[in-house]
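Single-structure report; data block below.
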Amino acid sequence: MFYQKIQIIIDYINKKESFDKTNDLDINYLIKLCKSHSMLPLLYVSLKHYNIELTEEQETFLSKQYKNAIFVEAVQESEKKLILDSLCENNIKCMPLKGSVLKYLYPSPELRTMTDIDILFESNKSKTVNQVLTSLGYKCEKSGGTDDEYFKPPFLNVEMHRIMVDGNFEQIADYYSNIWEVIKPVEEGSLLYEMSLEDFYVHMVAHVARHYAVGGIGFRFVFDEWIYLKHYENVLNFDYINGEFEKLNLLKFAENFKNMTIKWFKGLETTELEEDMSKYIFDSGTHGNLIHEQSVKILLGKDGANNFKSNKFLYIFRLIFPSFKYMKARNHILKKIPILLPYFYIQRWFYALFKKNKLAVQSIKGLDRYNEDKAKELHDLHEKSGF
């Protein structure tokens, strides 16, 4: 069973010891695997907890990663509080999202690493938000659409979300279109908001589903699921939660994902589907991989292409010239002024050439590596998983 590859980390979270100490652990394999899934700090504390002997090189590398995670988490937390306080002071409703909330449920917050800080804000306050972030030393790297991306040297990335979900996932985007009517202030009169425990769980799984459906998810998402379920197991109202999943057409996926997660952490035998899902997750890395993403996009072929080769051509064309629907979802001003579409195409090309050059080249060159049978196998897995 795939999850046994990381049994030592699962055991650490479960506060037990079931992995086989009589067999030598392949530490280098675990390091490589956990690096690709952004789980090195958790691997390190697990190895130290069970007194696993490390080479000097392994100890040096892992301890450095762990100390760095502690430092980064402390700085991110300080910055998050500063940003949220500043937004509230400027009369802007806001709410922290995803990992910045989940990390407090882990044994220690630095064990749940974050690439960036995600914050939701009122969509009509973009200009004021920019002024606030700029005054705090941030530079806007990308604006428009779902979120604005800010960076502050040497490593701070902040995503300011004006909506919960981009318009490419219409059903989920529509569900969250009235989010400010659903969430509540953390206390009366506050401009800092929070979701109910149930709504946070629904959003967490919807976020997982979006990544899973496109490029895949890392096993960190599975740990998030288990830690959240375990922490609130006697509190969550699953009648309400499942009703919301029904509205999102995600109930089947949510059940499959939850069942797989429970079996990972309870040491139970997984079904054939759950093993296939586990393999897909292990192969994906933290936020999915390019092969998975391109295979899914090629096979979806929603623009009339009826074979793999023509879908490849269509994929490249859409990479260069995304549909108006896609561009409108990323750049909301197009809803009012569609004539600006050529400008946003040029902006996209500039960003790809000078900001994401390596990824853009890989996206085109890598197409020759894909096998039609493998891609269809991935598509079948998605259908069985619940999409």
* Which pairs, out of LYS32/LYS103; LYS15/LYS230; LYS32/LYS263, put more than 21 Å between their alpha-carbon atoms? -> LYS32/LYS103; LYS32/LYS263
* To do: Using a 1.4 angstrom probe, figure out how much accessible area the range 211-276 has per residue, in square angstrom, rounded to the nearest whole.
  => 44 Å²
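What pairs from LYS81/LYS142; LYS98/LYS328; LYS279/LYS325 go past 31 Å between their alpha carbons?
Where the Cα-Cα span goes over 31 Å, the pairs concerned are LYS279/LYS325.
Using a 10 Å cut-off on Cβ atoms, rank the peptides 229-239, 257-267 from the highest mean neighbour count down.
257-267, 229-239
Give me the net charge for the shell around LYS384: Cβ to Cβ below 10 angstrom, other residues only, Lys and Arg +1, Asp and Glu -1.
-3
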* Only Lys, Arg, Asp and Glu count, each charged at its Cβ (+1, +1, -1, -1), so figure out the dipole size of the range 1-121 about its Cα centre, rounded to 20 debye. => 320 debye
* Asked: What net charge is computed for the residues neighbouring ALA173, neighbours being all others with C-beta under 11 Å from the C-beta of ALA173, Lys and Arg scored +1, Asp and Glu -1?
  -> -2
* Which whole-angstrom value gives the distance between the alpha carbon centres of the range 88-134 and the range 142-189? -> 9 Å
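Counting only protein heavy atoms and using a 1.4 Å probe, what share of the accessible area of the range 119-226 belongs to carbon plus sulfur, as a whole percent?
The computed percentage sits at 50.
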* To do: Give the residue from TYR106, VAL45, SER86 lying farthest towards the positive end of the charge dipole for the range 33-108; charges sit on Cβ (+1 for Lys and Arg, -1 for Asp and Glu) and the dipole is referred to the Cα centre.
  => SER86
* Asked: Per the 1.4 Å probe, what fraction of the accessible area of the range 76-117, in percent, lies on carbon and sulfur atoms?
  -> 49 percent
* **Accessible surface, per residue, of the range 72-170 when the full set of protein chains is kept, probe 1.4 Å, Å²** => 40 Å²
* Mind checking which aspartates and glutamates have their Cα closer than 16 Å to the Cα of LYS5? Skip sequence neighbours fewer than 8 apart in that chain. => GLU17, ASP20, ASP24, ASP26, GLU269, GLU274, GLU275, ASP276, ASP283
* Structure fact -> Surrounding charge for MET260, neighbours by C-beta under 13 angstrom, Lys/Arg +1, Asp/Glu -1, total -1
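The values are calculated or read from the model by the stated rules, or taken from the named source; none is laboratory data. Owing to the predicted nature of the structure, the values given are computational and were not obtained by experimental measurement. All Cβ positions, glycine included, derive from the backbone under ideal geometry; neighbour counts span all protein chains shown. The area values use the complete protein model at the heavy-atom level, side chains included, leaving out ligands, DNA and RNA. Shrake-Rupley method; radii C 1.70, N 1.55, O 1.52, S 1.80 Å.
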